[in-house]
Structure formats: C-alpha cells, structure tokens
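Working notes, beginning with the structure itself.
The values are calculated or read from the model by the stated rules, or taken from the named source; none is laboratory data. Just so it is clear, the model here is predicted, and its values are computed rather than measured. Every residue, glycine as well, gets a Cβ built from its backbone with ideal geometry; the counts of neighbours run over all protein chains shown.
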Amino acid sequence: MFELLGIPPQALFGQLLLGLINGSFYAILSLGLAIIFGLLNIINFTHGAQYMLGAFVAWMLLTYFGVPYWGALLLAPVLVGIKGVIIERLLISRLYHLDHLYGLLLTFGLALIIQGLLRNQYGISGLPYAIPPQLSGGQNLGFMFLPNYRAWVVVASLVVCLATWFVIEKTRLGAYLRAATENPTLVGAFGINVPRMITLTYGFGVALAAFAGVLAAPIYAVNPNMGADLIIVVFAVVVIGGMGSILGAIVTGFGLGLVEGLTKVFYPEASSVIIFVIMAIVLLVKPAGLFGRTA
Amino acid sequence: MTAVTETETTGIAVQQARAGMPLHHVAIFVALLAAGLVAPFLLYPVFLMKVLCFALFACAFNLLLGYGGLLSFGHAAYFGSASYIAAHAAKVWGLSPELAILSGTLAAAVLGLAIGSLAIRRQGIYFAMVTLAFAQMVFFFSLQAPFTGGEDGIQAVPRGNLFGLLSLRSDFTLYFVVLAITLGGLLLIYRIIHSPFGQVLKAIRENEPRAVSLGYRVNRYKLAVFVLSATLAGLAGSTKALVFQLASLTDVHWSMSGEVVLMTLIGGMGTVFGPIVGAAIIVTMQNYLATFGAWVTIIQGCIFVVCVMLFREGIVGVIAKWIRKPL
C-alpha cells in the first residue's frame with residue numbers, strides 16, 4: 001500500500017473521480033448556457049431547474065410508466081427540450097428587444113415556479129433512483145475501486161460534450177449557428193430562418209441540461225433543490241471560462257471539477273468555496289475569463 | 001448643437017437637484033412619516049418593522065439597479081452578513097444596539113468594497129453572475145464559520161438599551177427606532193440620487209462609453225454606488241437582526257437576493273418610492289401565505305414572470321406615468 005502525502009490512494013482517487021463527475025455536469029451545463037447565451041443573449045437561470053427536471057422526468061418515467069434508465073436517457077431530454085421550446089416561443093422570444101436583465105429575471109421566476117411545484121408534490125427529502133443493472137458493480141483497478149456507473153457518466157458526458165463541439169465547430173449547421181451569433185440580421189437576409197434556429201438552440205441547450213440530470217439521478221437522490229445550488233457554481237464556472245469558446249467551456253468544467261475534488265482531499269473545509277476563490281483570482285488577473293474574448 | 005442643449009439640460013437637472021425636493025416628494029415623505037406614526041396603533045408592530053427593514057433593503061438595492069444600472073444578484077450577502085455581525089456584536093461582545101447596528105453596517109461596507117471592486121471588472125450579465133457567485137461563497141462561509149451557529153443561526157439576540165438609556169425590549173419602543181432608521185436611510189438615498197453624483201450615475205447607466213469620453217472615471221462611480229448600496233443593505237440587515245433577535249442562513253441565501261429583486265421590480269425600478277411599495281406587498285404576502293409552504297415560492301415565481309412580461313415599470317412606475325411626474 002503506498003501513500004501520497006499521507007493520503008490513502010483510495011481516498012485520493014475516489015475524490016478525483018467524484019470531482020470528474022461533478023466536472024462533467026459543470027461542463028455539460030456551462031456548455032448549454034454558453035450556446036444559449038451566444039444566440040439568445042440571455043442567461044438562462046432556469047438551466048438548473050431544467051437539469052433537475054431531467055432527473056425528475058427520468059424518475060417519473062420509471063415509476064409511473066416503467067420506462068427503464070436507457071429509455072429515459074433518450075426520452076427525458078426530448079420531453080424537457082420540448083418544454084423549453086414552448087417556454088421560448090411563449091415567453092422568452094418576447095424579450096429579445098429588451099435589456100439582458102429581463103431575460104435573467106424571467107428565467108429566475110420560471111425556475112422558482114418549477115422548483116416550487118415539484119417541492120409541493122414530492123417534498124425535499126429526495127427520491128432514490130436505482131443504477132441500471134447493466135452498469136451496477138465495478139472494476140478493481142488495484143489502486144482504487146471504479147464503480148461502472150461512475151465511469152459511464154464521465155465517458156457519456158465527454159462524448160456528448162465533444163459531439164456538441166463537433167457539430168458547432170465543424171458542420172454546416174454549426175456554421176449557420178456561429179454566423180447567427182455574430183450577426184443575426186445578415187444571416188436572416190441570406191434566407192435562413194433565424195427565429196426557428198434560436199428556438200431550436202434553446203431547446204437543445206435545455207435538452208443538454210436534462211441529459212445531465214438523467215445521468216445525475218442514480219448518483220444523487222432526485223431532489224427539487226438539486227439544480228438550484230449547482231447552477232450558481234456553474235455561473236462561476238462560466239465566469240472563469242468565459243462564454244466565448246465551446247472547447248473552453250468543456251475544459252474549464254472538467255478542470256474545475258478536478259480542482260474541487262482535490263480540495264476535498266487536502267483541505268475539505270474550503271471545498272465548497274474553492275471555485276468562487278478561483279473566480280476571484282481570475283477576475284483579478286484576466287477579467288474576460290480564461291477563454292474569453294474581451295468585448 | 002445637440003451637445004450644447006444636452007449640457008444645458010444636465011445643468012438644469014443639477015440645479016434642480018440642488019434646489020431641493022419638489023413639492024409632491026415632500027408631500028409623500030410627510031405622508032410616509034404620518035402613516036409610520038399611526039400604523040403601530042392599528043397593526044402588529046413586528047410585522048411593520050419587518051416591512052420597514054425590507055423597504056430600506058429594497059431601496060438600497062434599487063439605488064444600485066435603478067440608478068446605477070447594475071443588477072446585483074447577491075445582495076443577500078450584505079444584508080445577511082451585517083445581520084450576523086450585528087447579532088454577534090450584541091450577543092457575544094455585549095455592545096449596545098446602536099453600536100451593534102453600526103458594526104454590522106460597517107462589515108457590510110467592507111464586504112461591499114471587496115466584492116464590488118472585483119465585480120465591476122465585468123459588465124452586464126456577467127456582473128449579475130459574479131455577484132451571485134460571491135454571495136453563494138458568503139453563504140457557504142456562514143454555514144461553516146464557528147460564530148454563526150450553522151443551521152441554528154444566532155438566536156436570542158438581546159435588544160439592549162439604546163445609548164445605554166432607552167430599553168428596546170418593548171416592540172412598540174423599538175418600532176419608532178426602526179422607523180427613524182428607515183426614514184433616515186430613505187432620505188439619504190433620496191439625497192444621493194438627486195446629488196450631482198447621482199446625475200453622473202444616471203449618465204453612466206444610460207451611456208457608459210459616453211460618460212467615459214466626458215472624462216468621468218466610471219469605475220470609481222460604480223464602485224462608490226456599489227459600496228453605498230451594500231452599506232445601506234447592511235443597515236437594514238443589522239436592524240432586522242435586532243427586531244427578530246435572530247440572524248440565520250435565510251438572510252444570506254440566494255432566495256433572499258431574489259426576493260429583494262422582486263420587491264424592486266414589482267414596486268418600480270428606478271423610482272424613489274417603488275421599492276417601499278414592493279417590500280410592503282411581498283412581506284404581506286409572505287405573512288398570509290406562510291402556512292402554505294412552497295406555494296410562496298410558486299407565487300413569487302409567477303409574479304416575476306408577470307412583471308417581466310407585462311408590467312416592467314412596476315406599480316409606482318405606472319402611477320408616475322399617469323401623473324407625468326417622477327416618483
């Protein structure tokens with residue numbers, strides 16, 4: 001048995017893995033926020049609630065309709081995404097001509113409504129969601145025990161993040177999207193339906209959040225408050241990374257998750273504030289964010 | 001040509017600001033004072049003190065949002081930490097109430113200076129996210145720090161004797177002290193808004209690059225208004241700690257930051273008297289719906305949505321439009 005700075009390897013790698021998992025959620029959520037902000041110019045405060053809704057829809061699908069995990073992993077993002085599209089069409093689309101802050105306030109209000117409704121119905125104690133049988137158990141790697149499900153979460157998030165990056169940076173659809181982010185009027189003049197693209201982008205960003213929620217359901221108990229605290233950390237992640245670059249959002253998300261995990265090992269008291277401390281330092285040194293462009 | 005006329009109008013505005021209060025504002029302040037003096041004979045004083053504390057909190061927040069154009073989503077940090085420091089000062093250090101309130105307010109000012117100087121490095125939507133994130137950091141600190149009592153908070157804070165003479169144990173006596181603090185705070189905010197400093201703030205809110213090109217050090221003005229707003233929010237928080245004899249995690253939670261935004265929005269952003277109306281409405285609503293649990297959250301969310309979609313001027317903003325005078 002070897003020890004690292006007096007820390008047993010199981011504890012070290014266990015926390016690192018947990019950090020990587022949190023980092024996956026930071027990455028997916030900040031990616032969604034960045035895409036939505038790029039095109040809609042609003043900060044989607046409902047993002048946390050939509051992540052939570054993803055977990056809840058997965059739980060409801062299983063409990064009321066018997067849909068297993070794998071079905072929910074596809075179905076929940078679609079359902080929550082459709083809900084996002086409806087919200088965008090009915091409410092958010094009417095605010096584009098106003099100051100950014102109204103979008104923030106509107107989505108904050110929506111988040112309160114969603115959380116309140118679920119808290120009324122299901123309480124705050126949290127509902128258990130079982131790990132799918134195909135992914136139960138784990139591997140003994142010698143230096144640590146790796147639960148299969150946790151490995152799956154990290155791999156699935158990475159794949160989804162990289163796929164999103166690929167679509168946005170390397171395909172024709174992504175080129176339209178980037179062009180519309182730069183200048184929607186000009187893109188519209190070329191005959192591309194920009195309002196529809198905006199709606200679908202919002203729906204996609206929301207679906208990403210819900211996907212993260214389904215991944216999180218078996219790890220954390222399904223709880224109406226699970227998104228509220230997470231979204232504030234994700235805001236800090238977004239400030240640190242800057243919303244200019246997709247790859248930047250992914251790298252910052254995973255990186256900060258790891259840093260948080262390491263802090264839990266070496267100085268647990270600071271683990272809940274470390275990301276905010278990093279944010280303060282980044283604001284001092286490079287106010288535009290690590291990957292941000294100065295406006 | 002336009003430049004000349006605009007300088008002239010700004011000059012007139014500054015002159016008006018120096019000339020003193022317009023008559024209808026004097027009337028409103030007198031009416032507020034009269035209502036404040038009569039109210040404790042009709043309504044429960046603790047409820048009224050809660051309204052007063054939140055009215056001051058919302059007005060302090062509105063100074064930043066309505067006049068500085070800066071949306072802070074973390075004002076609970078100053079309200080709550082001032083509340084903790086005042087409670088700690090009164091209970092553990094045994095300070096008299098005026099000194100306890102002063103130390104809480106000072107703590108909020110220092111915190112405002114620290115967070116503000118970092119937050120003004122980003123603009124717009126990032127500013128809101130940065131302030132929210134720092135407020136969450138203050139929340140986690142309050143959760144873990146040894147002196148805050150964690151989940152229990154600081155309970156049974158003694159109200160003590162004002163200046164060592166006047167016992168504040170009776171709700172009735174305390175009410176008039178709180179009324180004096182709140183009205184004093186409101187008059188100070190009024191003075192700030194209508195001072196030359198306030199006029200420059202408005203210029204920055206309307207067109208920041210232009211204010212820069214006119215030679216104003218924009219960041220100093222922003223930081224100054226941020227610290228003023230945090231300090232006054234701290235005054236409200238410290239007073240609240242003595243009223244309820246309690247400082248708890250609720251005061252530093254993000255939902256508190258959301259509530260003060262809601263009060264300002266419903267009353268009217270950028271109006272002097274709007275946040276008072278907003279605070280009265282939200283506190284009354286919480287009082288009546290306290291037994292319904294999560295419904296308060298749902299209704300607050302609905303008010304947010306309705307205000308943003310249909311009613312962006314707020315109640316006092318709409319009235320000001322009717323009578324065509326700024327309120």
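Observations, loosely collected:
- Residue in region B:267-298 that is modelled with the lowest pLDDT, counting only those that are closer than 30 Å to B:Gly198 by Cα and touching a Phe, Trp or Tyr at 6+ places or on another chain (Cβ under 8 Å): B:Gly270
- A Cβ distance below 6 Å, combined with a sequence gap of six or more or placement on separate chains, defines the contacts here; from region B:306-319, residues that are within 24 Å of A:Ile87 (Cβ to Cβ) reach residues that are hydroxyl-bearing (Ser, Thr, Tyr) in the pairs B:Val308/A:Tyr102.
- Any chance B:Ser72 is among the hydroxyl-bearing types (Ser, Thr, Tyr), buried (at least 22 other Cβ atoms within 10 Å of the Cβ) and within 14 Å of chain A (Cβ to nearest Cβ): yes
- When region B:139-149 is filtered for residues that are surrounded by fewer than 23 Cβ atoms within 10 Å (Cβ to Cβ) and in contact with a helix residue (DSSP H, G or I) (Cβ under 6 Å, 6 or more places away or on another chain), only B:Phe147 remains.
- Scan of region A:37-80 for residues that are part of a helix (DSSP H, G or I), within 24 Å of A:Ile240 (Cβ to Cβ) and over 12 Å from the mean Cα position of the chain (by Cα), ordered by number: A:Phe37, A:Gly38, A:Leu39, A:Leu40
- Some residue of region B:258-275 being among the small types (Gly, Ala, Ser) and under 22 Å from A:Arg119 (Cβ atoms): yes
- Looking across A:Gly48, A:Gly66, A:Gly71, A:Gly123, one residue alone is of a type outside the set (D, E, K, R), under 17 Å from A:Ala217 (Cβ atoms) and facing another protein chain (nearest Cβ under 10 Å). It is A:Gly123.
- Subset of region A:256-295 (residues that are among the hydroxyl-bearing types (Ser, Thr, Tyr) and closer than 27 Å to B:Gln123 by Cα): A:Ser272, A:Thr294
- Residue pairs meeting the criteria (Cβ under 6 Å; at least 6 apart or on separate chains; first more than 7 Å from chain A (Cβ to nearest Cβ), in region B:288-301; second buried (at least 18 other Cβ atoms within 10 Å of the Cβ) and in a helix (DSSP H, G or I)): B:Leu289/B:Val296
- In the set (1) part of a helix (DSSP H, G or I); (2) hydrophobic (A, V, I, L, M, F, W, C); (3) surrounded by 15 or more Cβ atoms within 10 Å (Cβ to Cβ); (4) more than 10 Å from chain A (Cβ to nearest Cβ), B:Val308 fails one condition alone, (4).
- Of the residues screened, A:Gly54 is not one that is in contact with a strand residue (DSSP E or B) (Cβ under 9 Å, 6 or more places away or on another chain) and of a type in the set (Gly, Ala, Ser).
- Single residue of A:Ile240, A:Ile219, A:Ile232 found to be assigned to a helix (DSSP H, G or I), more than 8 Å from chain B (Cβ to nearest Cβ) and either under 17 Å from the mean Cα position of the chain (by Cα) or within 21 Å of B:Phe127 (Cα to Cα) (or both): A:Ile240
- Output for region A:93-110, where each listed residue is surrounded by 24 or more Cβ atoms within 10 Å (Cβ to Cβ) and more than 7 Å from chain B (Cβ to nearest Cβ): A:Gly103, A:Thr107
- Matching helices (runs of 4 or more DSSP H) fully within region B:22-136 where at least 2 residues are closer than 18 Å to B:Gly278 by Cα and touching a Ser or Thr at 6+ places or on another chain (Cβ under 6 Å): B:45-62
- Identity of the residue in region B:94-125, buried (at least 24 other Cβ atoms within 10 Å of the Cβ) and over 16 Å from the mean Cα position of the chain (by Cα), that ends up farthest from the other protein chains (Cβ to nearest Cβ): B:Pro97
- Where A:Phe276 falls short, out of the listed (1) touching a helix residue (DSSP H, G or I) at 6+ places or on another chain (Cβ under 6 Å); (2) in a helix (DSSP H, G or I); (3) more than 9 Å from chain B (Cβ to nearest Cβ); (4) not aliphatic (A, V, I, L, M): (3)
- Qualifying residue in region B:250-267 (condition: in contact with a Gly (Cβ under 9 Å, 6 or more places away or on another chain), more than 14 Å from chain A (Cβ to nearest Cβ), buried (at least 24 other Cβ atoms within 10 Å of the Cβ) and within 30 Å of B:Asn161 (Cβ to Cβ)): yes
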